[in-house]
1. Going by the conditions given, is Ala161 within 16 Å of the ligand (Cβ to nearest atom), closer than 21 Å to Ile327 by Cβ and in the same structural domain as Tyr254 (by TED's automatic domain parsing)?
2. Could you check, for the stretch 189-199, whether at least one of its residues is part of a helix (DSSP H, G or I), aliphatic (A, V, I, L, M) and in the same structural domain as Val318 (by TED's automatic domain parsing)?
3. Is one or more of the residues making up the stretch 241-250 over 17 Å from Val189 (Cα atoms), part of a loop (DSSP other than H, G, I, E, B) and within 12 Å of the ligand (Cβ to nearest atom)?
4. If I filter the stretch 1-50 down to residues being within 16 Å of the ligand (Cβ to nearest atom) and within 18 Å of Glu126 (Cβ to Cβ), which single residue comes out as farthest from the chain's Cα centre (by Cα)?
5. Of everything in the stretch 251-276 that's assigned to a strand (DSSP E or B) and within 20 Å of Ala315 (Cβ to Cβ), which residue is nearest to the ligand (Cβ to nearest atom)?
6. Counting only residues that are more than 16 Å from Arg9 (Cβ to Cβ), within 12 Å of the ligand (Cβ to nearest atom) and either surrounded by fewer than 24 Cβ atoms within 10 Å (Cβ to Cβ) or among the small types (Gly, Ala, Ser) (or both), how many does the stretch 51-64 have?
7. Of (1) in contact with a His (Cβ under 9 Å, 6 or more places away or on another chain); (2) within 26 Å of Glu7 (Cβ to Cβ); (3) touching a residue at least 24 places away in the same chain (Cβ under 8 Å), Thr73 satisfies all except one. Which?
8. If you take the residues of the stretch 164-198 that are within 13 Å of the ligand (Cβ to nearest atom) and among the polar types (S, T, N, Q), which of them is surrounded by the fewest Cβ atoms within 10 Å (Cβ to Cβ)?
Amino acid sequence: MAIKTIEWRNGSARIIDQRQLPGKLVYIDCRDLRTLWWAIKNLAVRGAPALGVAAAFGVLLGIKNYKDKEKDTKKFLQHLEDVCDYIGTSRPTAVNLFNVLERMYDVAVSHRKHSVAELKKILEKEALAIFEEDRKVCRQMGNFGAHLIRPGSQIMTVCNAGALATADYGTALGVMYSAKRQGKKFKVVACETRPLLQGARLTAWELVKEKIPTTLICDNMAATLMKQGKIDGIFTGADRIASNGDTANKIGTYNLAVLAKHHGVPFYVVAPFSTFDLKIKSGAQIPIEERKKEEVTSFAGTPTAPAGVNVYNPAFDVTDHSLITAIITERGVIKPPFAENIKKILK
Ligand code: MRU
């Protein structure tokens with residue numbers, strides 16, 4: 001997998017500018033926190049695990065010009081808290097971002113006796129560990145999930161849960177990459193994913209590049225394919241999973257889960273533990289991002305709806321745990337009852 005979605009390079013965060021794909025593969029070097037915040041907000045970098053890594057690098061950008069000689073560590077911790085709060089205002093749904101901010105802050109607090117210069121080094125080490133962990137857990141999930149893809153089957157996915165949504169491998173697509181590496185032959189149906197077409201622009205781009213036979217469909221064609229018996233399983237990523245297994249993912253995921261239940265198609269969520277929010281009991285507590293109406297009323301600057309029309313544009317929906325067949329994590333495959341089995345696997 002030669003896709004480097006996000007990297008820390010000489011004091012800046014280098015990201016693939018995903019707004020430009022599939023037309024152009026170009027990079028943005030985020031040298032300051034504001035640029036990175038803008039990149040997150042505008043989906044130049046996106047996907048829950050990649051947002052976690054971006055948050056870690058954002059912290060490094062936010063502290064990089066802080067005076068090394070400052071003696072008052074409390075002031076530094078206050079600055080760090082402000083940086084974390086600011087990053088937290090970028091996008092609300094993917095919990096990876098908040099889990100990482102908490103982890104970075106806690107590491108600094110637990111080393112508060114160190115000098116500011118040392119704290120900066122400790123935080124850089126932590127951010128790089130977060131990056132490496134993402135690479136590792138994606139491959140572990142791939143290995144745990146690959147057996148769920150049967151040779152000769154056709155599976156469906158939505159949005160982009162691939163290398164572009166993580167450091168470099170993917171969650172749902174990571175399972176497909178691992179299955180391919182095991183020599184399995186299978187096909188993928190990618191839902192285009194309105195309004196911003198992460199499925200068409202990003203998932204199709206990755207899968208074609210990886211030479212996995214892929215068919216692109218408009219979102220409203222999914223039911224027909226399932227009715228025709230042409231889908232053997234659905235694999236999606238996640239932005240936040242509650243303690244009971246309720247899962248927030250890209251808008252339209254819930255539609256697929258309902259359809260899957262109706263047609264007897266297994267529905268799998270692939271997500272690392274950094275996507276779990278065990279502070280919340282159910283999906284009802286997940287904050288859902290609403291994005292600007294222009295994403296729905298125009299495409300690439302061309303209007304697709306009349307001016308003045310009302311628009312509702314939630315970026316995510318929540319799939320009830322009762323619709324999920326299993327959740328694939330880096331520690332293994334979790335089956336229902338989720339509330340009980342999530343707790344068990346964490347022990
Ligand atoms: O709005 P996006 O593109 O950030 O939404 C991303 C998704 O919904 C992905 O499916 C999810 O983050 C899982 S990524 C492995």
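The values are calculated or read from the model by the stated rules, or taken from the named source; none is laboratory data. Because the structure is a prediction, the values reported are computed rather than measured. All Cβ positions, even for glycine, are placed from backbone atoms using ideal geometry, and neighbour counts span all protein chains on display.
1. For Ala161, the condition - within 16 Å of the ligand (Cβ to nearest atom), closer than 21 Å to Ile327 by Cβ and in the same structural domain as Tyr254 (by TED's automatic domain parsing) - is met.
2. no
3. The answer is no; no qualifying residue exists.
4. Top of the filtered list is Leu36.
5. Filtering first and then ranking leaves Val270.
6. Here the count works out to 1.
7. (2)
8. Thr193
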